[in-house]
Structure formats: C-alpha cells, structure tokens
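Below: one structure, written as structure tokens.
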Amino acid sequence: MRFLFVLCVLYGSSFFAAALDREAFTITKYDLEIQLDPQQQRLGARGRITLRNDSGSPQKIAALQISSSLNWRSIRVDGKPVQFVSQPYLSDLDHTGALSEAIVTLPAEIKPKDSVELEIGYEGVVPLDTTRLTRIGVPDEIAKHSSWDQISPSFTAVRGAGYVAWYPITTEAADFSEGNSLFEVADRWKAREAESEFRVNLRSSQENSESTLVVLCDGHGGGSAEPGRSQAVNTDCAWTPLGAVTPTFAMAEYVVASKAPLKVFSLAGHEAGAATYSSALDPAMKFVSGWFGQPTTPVAIADFADPHSPPFESGTLLMASMAAEDSKLAGINLVHELVHSAVPSSRPWVYEGLAHFAEAMYRQEQGGREAALDLLGLHRAAFLDSEKEVSSALQKSVAQKSVGEKSVEPRNPGQPLIATFDEIYYRSKAAYVWWMLHDMIGDEALKQAIGKYRAADDNDKDPKYVQKLIESAAQRDLGWFFDDWVYKDRGLPDFHVQSAHPWKTEKGTQMITVTLENLGNAGAEVPFTILFEGGEITKRLEVRAKSTATTRVELLGTPSQIVVNDGSVPESDLTNNEFKVPAP
Ligand SMILES: [Zn+2]
C-alpha cells in the first residue's frame, strides 16, 4: 500500500514533465477578439486558434501558455468544453517571469501534421511588471523603462510573446539568467510561427471623455472615438504571415497627424517632437522612393508616455518617444519604416536588413561615408561576440582535424542569415551584408536588384533568389559571398597586410605591390588605403576566406602606411589592420 502511495506521488509530480512535449504543437492560426478595459487594467479575450502537431508522434495533450497575470476561462473543441488543468509555469518569455499554462486533454489524438481548432477564452490584468528583470538584479528604476508593457487608464502599450504573452504560445521554459536560454527559446518559437496567420480585433469603449481615444496595432493606424461621446473604439490587425513580427497594440489619447503613407500618433505636450516627423517625411520619402521604390502600404509611428522607453518596432508600427525634438533620428526612423512599406518581405534578413542598410545610406547622403559607417558601427558590437564564438569554434575544429583528432562537430553558436530569427543577425549583421553588397556592385546594380525583388513571388521560396537578382544586375559571380555571409555562418574575416613592396617602373612611376591576407573563415571585398607622400589612395580587393590576394597600385609619391578596412566590413580583429611600408 505504501509502495503504491509513493508511486502515485512520483507519478503525480513528474507526469507532465515526463509526458509533455510543450513544443509539439505550432499555433498556425490566431483569430482573436480582445476587449480592453484600461480603467481596470483588464483584458478579456476570446477567439479561435489552430494547433498543428509538428512532432513526430501523435499527441493527446497540448500545453497552452498565456501571461501569468491572465487566467484561462474556457477551452472548447467542436463546441464542447474540453478538460484542462491550469498551472503556473516559470518562464521569462513573459514580463511577469511566469506563464499561466493550460494542460489540455484533447478529445482525440492528433496525428503528426494534423491540426485541431480550439475555441478559447481568457482574461485578467496587464499591469506594469518588472519581475523578470528585477529578479536578475536589474534596478527597478531602470527595469521599468525597458519593461514598459501595461494596460492603464493613461497609457496602454503591450508587446507580444517575449514581453507579454497576451495571446497563447506553446514553448519550453526560458530563463533570463541562463545565458542565451531566453533568446534561444524565443527565437525558436518565432521560427516555428513565422508562417502563421495572426488576426486580432481590439476594442474598448470610452465614456464622455474630453479627448480622443485611439487604439492601434499596426501601420494601418487605429480606430478612434470622438471626444465628448460615449462610444466604442475598435481596430483590426492582421499579420499573414507573422514573420518576425511581435504583435503589439497601443491605446492612448493620441493626436493623429496623417499624410499618406504615414500616420503619427503623438501625446499631448509632445507637439514639437511630433512635428519633426511631419517635416522629415518629404525628404525621407524622396530618398526611399529613389532607392527602394514607392512606399505604398501605411506606416505608423506612435509616442510613448515614458520618454525613457526605448523604441520598439512591430512590422510597420514603430513605437518611439516624441518627447524630444531630434530631427536626425526622426529622419532615420522614417526611412526605416518607409523601406518596410516599399519592400515587403517575409525574410527577416531582407525586410529588416534592407531597412537598417537604408538608414546608413541616408546618413551617408547627409553626413558622408564616415557618418554612415559610424551608424553601422553601432550594430557591430551586437553581433561581434557571437561571431567571435563562431570563429573560434571553426578554428578549433580545423585544429582538431589537423592534429588527427576524431572530428567532433563543434557546437556552432552562429546562425545562417537566411534562416535566422535572431534580431542581432537579421538586423545588425544583415545591415552590414547589404552595405558590403552595395560597396561591391554600386548604386545602380543594387537599385535594379531591389526593384525586381517581389516577396509575393514564389521566387522568394528559392533560397538563392536574392543572390540571382543581384548577380544578374551586377554581372558578377557572388556565390562565394552568399555562401560565407548568408547561407552559412562562417564567423567574420580578419584582414592584415601580409606584405607590401614599393618599386618603380622603368619610366620612374612609383608602384606598390600589396598582398592582403584574410585569416578568417568568411571572405569579403575589403577597401584598403595607401598613405603616400602628399596624399592617399583607396582601392578594394576581394580576399576569400583563409586566403591571400595581391594587387599593384600606382602612386603619386613614396608610400608610408597601409590601412586595411575602413570599418565597412565587419572583422573579428581590428588591431592588426595598420601596416608600415618598409623603405625600398
Ligand atoms: Zn524594421
């Protein structure tokens, strides 16, 4: 008897852990109605979701998770309530540091690749919550600026999973304190749901308020209720497919300024900041149209109540504080969003990479190449560390092979650009990749390639679609570049001058023969500058991975120094890039 009791306890406590594959199901379709009650900080949701079994075995149990400040009310299949147990589940995918998990017993086993539709209902509150940051030691004062999600009477803005699970997700626990666990789980979840359809209707009501209440969730702008009347306000948003977008909504007493394709939603007292966006629109439109085609779909920029909230982007909606007047920043933000409007793509490295590349090009137009490289430089730090890990992992595997050790495939911490859902890669690294492509093929060829890019085309299903467009516009073989930077993650190059020999022709012309070596596993075309008596000259040289390349340059004076890379090619080591030319 006692034995049986022990067994029961063990069975009870370990049942879910042992039997449950939390990531077996992918939610392929969301159709939600969300009722917001800012006075009570409440959210009530009902709707339908479709679960597809992406595991290799039949599943009878599904785990659905929402923010821990929300509660499951009902789950039905075919109109009939199904059994579920609700339990808290610790995970940093939500700002509260925990999720409300419903362990659902489905009426029948779902075979691999089969789907089931669930009618769901849940409700609760979404107050400002900094738990997941403060428990790893971030001071509350700092945490509350970055963890800004909340429903409140004065200002409502809530980001989706990864910040607030205001819609159901199906994930393993993610932990902020465990290295990259949070980002790994979040990126894996995003990749699984990238093809999903997400539709939401958001509604609220206002009572005889003196101001205009606006609710919005994407670039199309929001629904609003007129001042002085009691009425409902609502808006529809759809992301199909979801791609890398984090569904986000906001609701506040916004002042709306609209000039197609832009809508600016600003708060009282921020008129001057909002005006910088309106006045930056024309030049930004001109630049984007000239480079990327005419922006057509709407974009929106919405203000924050807290001026210290860092900006956040959800598709064609940018949340950014308008408390300060910063016309340079407004121009760059606009260019970014307008590129999204002009070049839609479900490939994050194209969608975001091009938008960040455009920011740098716009900086170049206003402040020169150095200003553009400074802007790009802000991105470099973001992926330098992970790429250094890639380089050393690759180095290690080469070393093991060369000393005859059994080849152990190293854990490659990097990610191929083409498939990544990690922001560091699809934003920061991708910005550099587009910049390097531009440096290699020039304005006209790149414009031509972008002009021909059609996301809706089935062509984009071909992983080499972008390469082919660029190669045909540039009339140049770039397979090696795409291999090293897009299809695989080979870390970063590391250039230095291997040798330089100044010499003179029979007619007395000063020449120099320069050999550059790339110690890294990714090739690139790199600029190098030769300083000589009375001037300098910059040339470019293609140096493949683990290779050298040699060229001759004619000079107008005696050379003194060579500097490889002006910062336009991300490198793992920038300390070995200067070379003193020996006297002849
Ligand atoms: Zn963007």
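The values are calculated or read from the model by the stated rules, or taken from the named source; none is laboratory data. Because the structure is predicted, anything quoted here is derived from the model rather than measured. Don't worry about glycine lacking a Cβ; one is built from the backbone with ideal geometry, like all the others, and counts go over all protein chains shown. Calculation scope for accessible area: heavy atoms of the full protein, side chains included, ligands and nucleic acids excluded. Shrake-Rupley method; radii C 1.70, N 1.55, O 1.52, S 1.80 Å.
Any idea what the dipole of segment 447-501 comes to, in debye rounded to 20, about its Cα centre with Lys/Arg Cβ at +1 and Asp/Glu Cβ at -1?
Numbers: 9 positive and 10 negative charges, 42 e Å.
The dipole of segment 447-501 has a size of about 200 debye.
Computed with every protein chain present, the accessible area of Asp114 is close to 70 Å² [probe 1.4 Å].
Find the accessible area per residue for the chain; the probe is 1.4 Å, ligands and nucleic acids are left out, and the unit is Å². Provide the component values of the computation, followed by the final result.
Values: 25820 Å² over 584 residues.
Averaged over the residues of the chain, the accessible area is 44 Å².
For segment 466-572, the list of GluC sites (Glu not before Pro) that fall in a loop by DSSP and count at most 15 other C-beta atoms within 10 angstrom reads Glu506, Glu533. Here's the picture: charge each Lys and Arg Cβ at +1 and each Asp and Glu Cβ at -1 in the chain, and of Pro502, Gln150, Thr240 the one pushed furthest to the positive end of that dipole is Thr240.
Computed from phi, the 3J(HN,Hα) profile of segment 107-120 under the Karplus parametrisation 6.51, -1.76, 1.60 (θ = phi - 60°) reads x, 8, 5, 9, 6, x, 6, 7, 10, 9, 9, 10, 9, 10 Hz, with x in place of Gly and Pro. Taken about its Cα centre, the chain carries a charge dipole of about 1160 debye when Lys and Arg each add +1 at the Cβ and Asp and Glu each add -1 at the Cβ.
Placing unit charges on the Cβ atoms of the charged side chains and taking the dipole of the chain about its Cα centre, the candidate lying farthest along the positive direction among Ser68, Pro107, Ile530 is Pro107.
How many percent of DSSP beta bridges within the chain run antiparallel, rounded to 5? Could the numbers behind the result be given before it?
Numbers: 110 of 124 bridges.
Of all bridge pairs located within the chain, approximately 90 percent are antiparallel.
Counting only residues at least eight positions apart within a chain, or on another chain, the lysines with an alpha carbon under 19 Å from that of Lys80 are Lys60. Of all DSSP beta bridges confined to segment 196-332, the antiparallel ones make up roughly 75%.
Ordering Tyr351, Tyr122 by accessible area with a probe of 1.4 Å, largest first, what comes out?
Tyr351, Tyr122
About its Cα centre, the dipole of segment 83-190 is roughly 160 debye, where the only charges are +1 on Lys and Arg Cβ and -1 on Asp and Glu Cβ. A simple rule links phi to the HN-Hα coupling: the Karplus curve 6.51 cos²θ - 1.76 cosθ + 1.60 with θ = phi - 60°, which for segment 219-234 gives x, 5, x, x, x, 9, 10, 5, x, x, 10, 8, 7, 8, 10, 8 Hz, with x for Gly and Pro. Ignoring ligands, DNA and RNA, what percent of the accessible area of the chain is carbon or sulfur (1.4 Å)? Of all accessible area on the chain, carbon and sulfur atoms account for 51 percent.
Legend: residue pairs Lys113/Lys388; Lys190/Lys488; Lys144/Lys263; Lys190/Lys464; Lys263/Lys447; Lys328/Lys488, Cα-Cα distance threshold 29 Å; pairs beyond threshold, Lys113/Lys388; Lys328/Lys488.
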